[in-house]
1. Starting from region 75-96, keep only residues that are free of Cβ contacts under 8 Å to residues at least 24 places away in the same chain and closer than 13 Å to I241 by Cα, then list their pairs with residues that are in a helix (DSSP H, G or I) and open to solvent by 10 Å² or more (accessible area, probe 1.4 Å) whose Cβ atoms are within a distance under 6 Å, requiring at least 6 positions of separation or different chains.
2. Would you be able to say whether some residue in region 131-138 is within 15 Å of the ligand (Cβ to nearest atom), within 24 Å of K210 (Cα to Cα) and open to solvent by less than 50 Å² (accessible area, probe 1.4 Å)?
3. Taking the condition aromatic (F, W, Y) and closer than 22 Å to N159 by Cβ, does Y297 pass?
4. Which fully enclosed helices (runs of 4 or more DSSP H) of region 162-270 have 3 or more residues being within 16 Å of the ligand (Cβ to nearest atom) and under 21 Å from D53 (Cβ atoms)?
5. Identify the single condition in (1) out of contact with any Phe, Trp or Tyr (no Cβ under 6 Å at 6 or more places or on another chain); (2) within 16 Å of the ligand (Cβ to nearest atom) that L145 does not satisfy, given that it satisfies every other one.
6. Which pairs do you get when a residue that is under 18 Å from V155 (Cβ atoms) and hydroxyl-bearing (S, T, Y), found in region 215-243, comes within reach of a residue that is more than 10 Å from the ligand (Cβ to nearest atom) and not in a strand (DSSP E or B), reach meaning Cβ atoms under 7 angstrom, with the pair 6+ apart or on two chains?
Amino acid sequence: MRAKSQIAGLPVYQPGKPIEEVKREFNLTEIIKLASNENPFGSSPKAVEAAKDACVNLAIYPDGAGFELRQKIAQFYDVEVGQVILGNGSDEIVQMICRTYLTPGSNTVMAEPTFPMYKINAVIEGADAIEVPLKEGVHDLDAMLQRIDSNTKVVWVCNPNNPSGTYNSAEEVESFLQKVPSDVLVVLDEAYYEYAYAKDYPESLPLLEKYPNLIILRTFSKIYGLAALRIGYGLASKEIIHLTNHVREPFNANRVAQSAAQAALDDQEYVQYCKEKNRQGLEQFYKAFDQMNLFYYPSQGNFILVDTGLPGNDVFQTLLRQGLIVRSGQALGFPTFVRITVGTEEQNEKMIQALRKIVGR
Ligand SMILES: Cc1ncc(COP(=O)(O)O)c(C=O)c1O
């Protein structure tokens, strides 16, 4: 059996530890999972209703083209339907981009550390992943530009970046786009876009008109609280969407997800509520970490990367035994850090108290 040689060297993507698994392993009944940047407030009740209604038609394939949801997204952002593509999570759009653009011998430029699926999918396609270290926790866009060569097909900018929560400003992103060769695709992954509140965080939609080599990725998994349904989307020129559609699986966005996402998009009040709560939660963590004298990266997402000064895996394990799930920074390129998703006020408090005991401050 001769699998692609590059597969053997790839790490298998490690998701946050599932609640059920921790319950079983540690014989616990109460678990707080702040490990996968999910929405601690759940989904909009309107989206849940729509999901239930859609279950009446489970025997029928969904609309493969996802027209109604794409139309709703297009109206929401004032773009054309042909500029929207749906994915089984934005994960799948990352995969589709790699399938469309990357070949053996080509390369793709990304930050390091960043969201791991860019590299995993690029390597599967046989392309070289050129990783450019973050500078003080932020994408070093100038250094990334310098690594682009004639074999570069795709460049990834994760903004805000996972796992650091840091961001590049509107000015930085635009200046980068001006300099990237027009035949190189720029992927702006904005999975946490709705959480960002910095005044100079980019409003990227208008950039689509100016830069036909740009694709923006967003998702219903984060602030919209629909992670279980797997639904994300890409916004780009019609040409990019048309090309990417060639590699899309026939019914990639399922019926329940398409219905729930439409209702979720309509409930912007819920989005604003979650955004505000998240901001308060970040402040709660900042205050506690300042008191403990722990370094952290101020975040524009719904998670925070904090330096405990101890091996991340040990902190992760100690928290796990108490029923608190986080992500160790060790596998994320930050050996003494943990990444914590912002939870409810009560969940955050429990996490802070547990951390205080572990770091002894
Ligand atoms: C930066 C980033 N992009 C994409 C994704 C994938 O999200 P989904 O496939 O659930 O839309 C995630 C999930 O954590 C992420 O952090």
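1. V81/R70; V81/Q71
2. no
3. Yes, satisfied.
4. The helices (runs of 4 or more DSSP H) meeting that bar are 255-266.
5. (2) is the only condition that L145 fails.
6. Final answer for the pair search is S237/Q83; S237/L208; S237/P212.
This table checks each residue for (1) more than 16 Å from the ligand (Cβ to nearest atom); (2) open to solvent by less than 20 Å² (accessible area, probe 1.4 Å); (3) touching a Lys or Arg at 6+ places or on another chain (Cβ under 9 Å).
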| residue | (1), (2), (3) |
| --- | --- |
| G42 | no, no, no |
| E49 | yes, no, no |
| K72 | yes, no, no |
| F76 | yes, no, no |
| V81 | yes, no, yes |
| V84 | no, yes, yes |
| M96 | no, yes, yes |
| T108 | no, yes, yes |
| E112 | no, no, yes |
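Conditions (1) over 26 Å from E276 (Cβ atoms); (2) modelled with pLDDT of 95 or more; (3) assigned by TED's automatic domain parsing to the domain that holds I31; (4) touching a helix residue (DSSP H, G or I) at 6+ places or on another chain (Cβ under 8 Å), marked per residue:
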{"site": "D290", "(1), (2), (3), (4)": "no, yes, yes, no"}
{"site": "Y296", "(1), (2), (3), (4)": "no, yes, yes, yes"}
{"site": "I304", "(1), (2), (3), (4)": "no, yes, yes, yes"}
{"site": "G312", "(1), (2), (3), (4)": "yes, yes, yes, yes"}
{"site": "V315", "(1), (2), (3), (4)": "yes, yes, yes, yes"}
{"site": "T318", "(1), (2), (3), (4)": "yes, yes, yes, yes"}
{"site": "Q322", "(1), (2), (3), (4)": "yes, no, yes, yes"}
{"site": "I325", "(1), (2), (3), (4)": "no, yes, yes, yes"}
{"site": "S328", "(1), (2), (3), (4)": "yes, yes, yes, yes"}
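The values are calculated or read from the model by the stated rules, or taken from the named source; none is laboratory data. The structure presented is a predicted model; accordingly, all values stated were derived computationally and were not measured. Quick reminder, even Gly has a Cβ in these numbers, built from the backbone with ideal geometry, and neighbours come from all protein chains shown. For the accessible areas, the whole protein counts, side chains as well, though only heavy atoms, and no ligand, DNA or RNA atoms are used. Shrake-Rupley method; radii C 1.70, N 1.55, O 1.52, S 1.80 Å.
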